[in-house]
Amino acid sequence: ACTGIENIDEAITLLEQNNWDLVAAINGVIPQENGILQSEYGVETLHGPAYGPTSHSAAASSAPSSSSAFRHVVPSRQIVERQPRMLDFRVEYRDRNVDVVLEDSSTVGDIKQILENELQIPASKMLLKGWKTGDVDDSTVLKSLHLPKNNSLYVLTPDLPPPSSSHSGALQESLNQNFMLIVTHREVQREYNLNFSGSSTIQEVKRNVYDLTSIPVRHQLWEGWPPSATDDSMTLAVSGLTFPCHRLTVGRRSSPVQTREQSEEQCTDVHMVSDSDGDDFEDATEFGVDDGEMFGVASSALRKSPMMPENAENEGDALLQFTAEFSSRYGDCHPVYFIGSLEAAFQEAFYGKARDRKLLAIYLHHDESVLTNVFCSQMLCAESIVSYLSQNFITWAWDMTKEANRARFLTMCTRHFGSVVAQTIRTQKTDQFPLFLIIMGKRSSNEVLNVIQGNTTVDELMMRLMAAMEIFSAQQQEDIKDEDEREARENVKREQDEAYRISLEADRAKREAQEREMAEQFRLEQIRKEQEEEREAIRLSLEQSLPPEPKEESTESVSKLRIRTPSGEFFERRFLASSKLQVVFDFVASKGYPWEEYKLLGTFPRRDVTQLDPNKSLLEVKLYPQETLFLEAKE
């Protein structure tokens, strides 16, 4: 009535962010001048005579009875400009606490600048943790986070070396230790043995217990926490738990109506829980919503046909019918369900390259649950959820309405996730459905990161999906690093093998080339030898066929020829003037200068004797009585 907020989910979210302090929640969304304050006489409006006690009484007497404790506040033209809202932060860093007071118009980066001056740590090295909402960065405006007045944060500096003091060393050692928490669920008398690192927070423990016991954090009633564990953002290492084993007991608060003191005790739990519990739907008729016509959809429209055939032999066919029926009931804007067996969904999500892997989301539907229609139409079909699931998840679905299908899924669950997860799903009551399982594939097994029940909101569902995605992203980066290193090693090995193969081929080619060269040299040598032998045989034959050299005192006409070789040597011989020119050619050839390769030249006049008729006599070619000739190789 005071704020004009009609969305129930938004109102509950604001109440949770202000630790269920109604006055603080209202003052957080409307200006202080138009807000309300708690006085010793009850709740009063502020500023202006029109809002004084007199007018308040008059309005209360004349107005009809209403369940609202507040009246509409009419803005006045005389209202002054809204004063900035101040926020108090207590920031813990190792053994120091720093108090910071800022306007809600400041940014997260402004807090870091103040801490930089106080702690002497560069702002770029700080990780500011403990926010009640999702991820924030330095540019996030504090007002947009809808923070309560008092807040607790802590600083992490993973890039800085730890201090050398013995206290810091002991704290770091505690953060690295593992604590065994034996948590007893009081109502069902069941124990859970949970392992947590010392760096885990109390809030993370309570949230994990919520996944196991289905008791929202704000409804959890704990026994066994040490007196020093006053803040849920505190790590287990500094909370005072007994190491290595500590016993705790948890139960559900018996009464939904809590005193202000109880609300203050669990103020740090509120931001981590779902916005509504199954009991909240008992009051749905107060908002004009009937069980049979939730959100205007008649129950008869929801029961046209089953989501999945009973005893379906083929999981792919069953998922096809599930997708078609889901679209007909809730529209086409819904997650893209994987069509195929659960094993095929594992293969698609977990067994590709590390960069292509995704989380697996398993949606478990139940038509007989009162939460199903709300969850499907308002949460699962929200555009933000659909978009986030399609980008980061492989979504697989199953209908648990029929007993045969339920038993079949529990068998698959036991085979793939183990008996503990199967027993957790088996003990879920009908009104706790639908369920949303977030699965992450690991090297040797599949891990269930989260089990989300149907009594949630879009914001909490998105936060839990994003939290699972953060865990998966960290693991994926390690897998990508390992895969890259493995591929690098394999590439080096392949390159070495290829270089070795190329080297072998080069050696073989070189050896073959040498062998070919040697064979060619041998062949040429053989040819050369054969040619020399042939030439020698021809020379000897010519030398034997030459007529005897006439003597100087011969009575016949004798021609004396002096022949100069290309090397400068001379040889002489006498021939009968009547001898044919061919005899001279044969003589020259017998000396190793065949007339096919050499020409015989005269000096005066210069002429090529080899061009003359070899059948003419020396007298006829004028090589008488003597002549000097020289040999020249033909071109």
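The values are calculated or read from the model by the stated rules, or taken from the named source; none is laboratory data. The shown structure was predicted, so the numbers you read here are calculated from the model rather than taken from an experiment. For neighbour counting, all protein chains shown are included, and Cβ atoms are generated from backbone atoms with ideal geometry for every residue, glycine included. Heads up: the accessible areas ignore ligands, DNA and RNA and are worked out on the full protein's heavy atoms, side chains in. Shrake-Rupley method; radii C 1.70, N 1.55, O 1.52, S 1.80 Å.
Dividing the Cα radius of gyration of segment 558-633 by its Kirkwood radius returns 0.91 for Rg/Rh.
Over segment 487-635, the pair-distance histogram of Cα-Cα distances with 10 Å bins from zero comes to 10, 28, 20, 10, 8, 7, 7, 6, 3, 1, 0 percent, rounded to whole numbers. Given their separation in residues at 0.36 nm each and the Cα-Cα distance between them, Lys149 and Ala506 gain 120.7 nm when the chain is fully extended.
Share of carbon and sulfur in the accessible area of segment 173-252 stands at 50%, probe radius 1.4 Å. Taking the average, over residues, of other Cβ atoms within 10 Å as the packing measure, peptides 313-326, 373-386, 560-573 rank 373-386, 313-326, 560-573 from highest down. For Ser139 and Ala519, a Förster radius of 60 Å and the Cβ-Cβ distance give a FRET efficiency of 0.15, rounded to the nearest 0.05. In order along segment 601-615, the phi-based Karplus estimate (6.51 cos²θ - 1.76 cosθ + 1.60, θ = phi - 60°) of 3J(HN,Hα) comes to 10, x, 9, 10, x, 6, 8, 9, 5, 5, 8, 7, 6, x, 8 Hz; Gly and Pro are listed as x. Straightening the chain between Gln321 and Leu194 buys 41.8 nm, computed as 0.36 nm per residue apart minus the Cα-Cα spacing. With θ taken as phi - 60° and the Karplus curve 6.51 cos²θ - 1.76 cosθ + 1.60 applied, the whole-hertz 3J(HN,Hα) list for segment 574-590 is 9, 10, 5, 5, 7, 5, 6, 4, 4, 4, 5, 4, 5, 5, 5, 5, 5 Hz, x standing for glycine and proline. Taking one quarter of the surface of the convex hull spanned by the alpha-carbon atoms of segment 86-156 gives a direction-averaged projected area of 4.1 nm². About its Cα centre, the dipole of segment 558-633 is roughly 280 debye, where the only charges are +1 on Lys and Arg Cβ and -1 on Asp and Glu Cβ. The phi torsions of segment 184-200, fed into the Karplus equation with coefficients 6.51, -1.76 and 1.60 and a -60° offset, translate into couplings of 9, 7, 4, 5, 9, 6, 10, 9, 10, 9, 10, 9, 9, 6, x, 7, 5 Hz, rounded to whole numbers, with Gly and Pro shown as x. Pairs Lys429/Lys481; Lys149/Lys206; Lys149/Lys358; Lys591/Lys616: which exceed 31 Å Cα-Cα? Correct reply: Lys429/Lys481; Lys149/Lys358.
Label positions at Ile480 and Glu635, each projected 7 Å from the Cα along the C-beta direction, are separated by 7.6 nm. Translational diffusion coefficient of segment 322-379 at 25 °C, 0.890 mPa s, Stokes-Einstein with Kirkwood Rh over Cα pairs, in µm²/s as a whole number. D = 186 µm²/s. Extent along the principal axes, Cα only, for segment 316-481: 46, 33, 28 Å, with the longest axis given first. Projecting label points 7 angstrom from Cα along Cα→Cβ for Ile471 and Gln626 puts them 12.3 nm apart. Protein heavy-atom accessible surface, 1.4 Å probe, per residue over segment 497-587: 74 Å².
The share of alpha-carbon pairs in segment 173-252 lying farther apart than 16 Å comes to 45%. Taking packing as the residue-averaged number of other Cβ atoms within 10 angstrom, the listed peptides 246-252, 548-554, 538-544 run from highest to lowest as 246-252, 538-544, 548-554.
The Rg/Rh ratio for segment 421-553, using Cα coordinates for both the radius of gyration and the Kirkwood hydrodynamic radius, is 1.82. Ranked by the mean number of other Cβ atoms within 10 Å of their residues, highest first, the peptides 113-123, 226-236 come out as 226-236, 113-123.
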